[in-house]
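Presented below is the structure to which this report refers.
The values are calculated or read from the model by the stated rules, or taken from the named source; none is laboratory data. Since this is a predicted model, take the numbers as computed values, not measurements. Cβ: placed from backbone, ideal geometry, glycine included. Neighbour counts: every protein chain shown.
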Amino acid sequence: MKQFLVVPEIHKLNTFDEFYNEFNVNEKDLILTIEPIFDTYFKNKNKKFNVIFPEKYALGEPTDEMIDRIFDDLEKIDYNRVIAIGGGSIVDIAKLFVLKKAERSEQLFLREAPIVKEKELIIIPTTCGTGSEVTNISIALLTRKNTKMGLADNALCADQTVLIPELLVKLPYKVFVTSSVDALIHAAESYLSPKASGYSELFSIKAMEMIIKGYIDVVKNGQEYFRQIIEDFLVASNYAGIAFGNAGCAAVHAMSYPLGGVYHVPHGEANYQFFIEVFKYYKKKQPIGKIQEIQKLFAGIIGCSEDSSFDELEKILNNLLSLKPLREYGMKEEEIVGFSENVIATQQRLLGNNYVKFEKEDLINIYSKLY
């Protein structure tokens, strides 16, 4: 029985220039990033680069239509490596551009086209959340289905992952919070997953410890303090990515996808809306088991009783980013049943990792409670 897998080589460097020289970045590379990063780190280099700015194609999180437009433009470019420098959205789509092109990218996500890797992939994260630099997963909104879907295949794994804390120091505060809470959820969901092993649990536990302790320090010392400890969050996010890359995420992510797909709520923020409530629901349905272990873990980090650990963690998180009712994002009460049906129909890949099995009625109850 397979226990654990990490495909990419993982490097940690202090500065972008170290990466640029060590990895011999050149004219045969395809750079996927945002314009400010390119202007800061590439424009003073005496080379002509192949560069794609995904925000020029569409704003917000990736869609299959956006990916198709980029694929079309890539036919005019000769490149050997893809270097992705960015947050989860850039990293997710970069993984697709090392694959053999399908007629429509939707076919890749629906497994209607072969998944064949043709290029080398280097990933450099610029947020502390997705952990996508060490996973085999790409996520996009499929416009015809009006929901996010994930493609999981080892052909999507990076060849090298490079962690550079310098690239995160200027993160906006809200991006820091919404990305790092996503990493916390990756670690927590993968810890409870039936696919978890002793190996993945080591990474889950360490990631949760680093993130929650970091949050407590940020609450104590003020918002800007996160910049002083951003390397800890970058490493913790990477640990969480390794954990969920092996054990998977579950209902928190599954339930967030319709909210993100329909109302364009950023991924980490959408997950945050469901995190504590899903875990409390797990506790209600199956109070004896691994849910007790994670309560004990949270209690030990926070310094509270096990019974109050979910509530105390929620208080810490709410000091960083306020939890909002779903209706404040525009969600309508009549959508509760439809969202629940959508999750059951499209997110079995995630629901299979639940601590306890969820039926449609369970999803309706949680959406209703949070509405």
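Selection of region 114-155 for residues being among the acidic types (Asp, Glu) and buried (at least 22 other Cβ atoms within 10 Å of the Cβ) yields only Glu133.
Cβ-Cβ distances below 6 Å connect the following pairs, each with a first residue in region 328-342 that is in contact (Cβ under 8 Å) with a residue 40 or more places away in the chain, a second residue that is of a type in the set (Val, Ile, Thr) and not in a helix (DSSP H, G or I), and a separation of six or more residues or different chains: Tyr329/Val265; Asn342/Thr147. If you scan region 77-104, which residues turn out to be farther than 25 Å from Phe49 by Cα and not acidic (Asp, Glu)? Ala102, Arg104, listed by residue number. The residues in region 228-257 that are of a type in the set (A, V, I, L, M, F, W, C) and outside any helix (DSSP H, G or I) can be counted, and the count is 2.
Consider region 312-358. How many of its residues are touching a Phe, Trp or Tyr at 6+ places or on another chain (Cβ under 8 Å), surrounded by fewer than 13 Cβ atoms within 10 Å (Cβ to Cβ) and not basic (Lys, Arg)? Residues meeting the conditions: 3. Return a yes/no flag: does region 291-305 have any residue that is more than 24 Å from the chain's Cα centre (by Cα), part of a loop (DSSP other than H, G, I, E, B) and closer than 18 Å to Met210 by Cα. Among the residues of region 291-305, at least one is more than 24 Å from the chain's Cα centre (by Cα), part of a loop (DSSP other than H, G, I, E, B) and closer than 18 Å to Met210 by Cα, which makes the answer yes. Residues in region 54-65 that are part of a loop (DSSP other than H, G, I, E, B) and crowded, with 20+ Cβ neighbours inside 10 Å: Glu61, Pro62. The sole residue among Val7, Val51, Val25 that is part of a strand (DSSP E or B) and farther than 21 Å from His264 by Cα is Val51. Checked against the criterion of being part of a loop (DSSP other than H, G, I, E, B) and either in the same structural domain as Gly214 (by TED's automatic domain parsing) or charged (D, E, K, R) (or both), the candidates Glu166, Glu112, Glu106, Glu133 yield just one match: Glu112. Every condition in (1) touching a strand residue (DSSP E or B) at 6+ places or on another chain (Cβ under 8 Å); (2) more than 15 Å from Ile139 (Cα to Cα); (3) modelled with pLDDT under 95 holds for Ile85 except the one numbered (3). State whether one or more residues within region 79-96 are over 18 Å from the mean Cα position of the chain (by Cα), in a loop (DSSP other than H, G, I, E, B) and surrounded by fewer than 22 Cβ atoms within 10 Å (Cβ to Cβ). Yes, region 79-96 contains a residue that is over 18 Å from the mean Cα position of the chain (by Cα), in a loop (DSSP other than H, G, I, E, B) and surrounded by fewer than 22 Cβ atoms within 10 Å (Cβ to Cβ).
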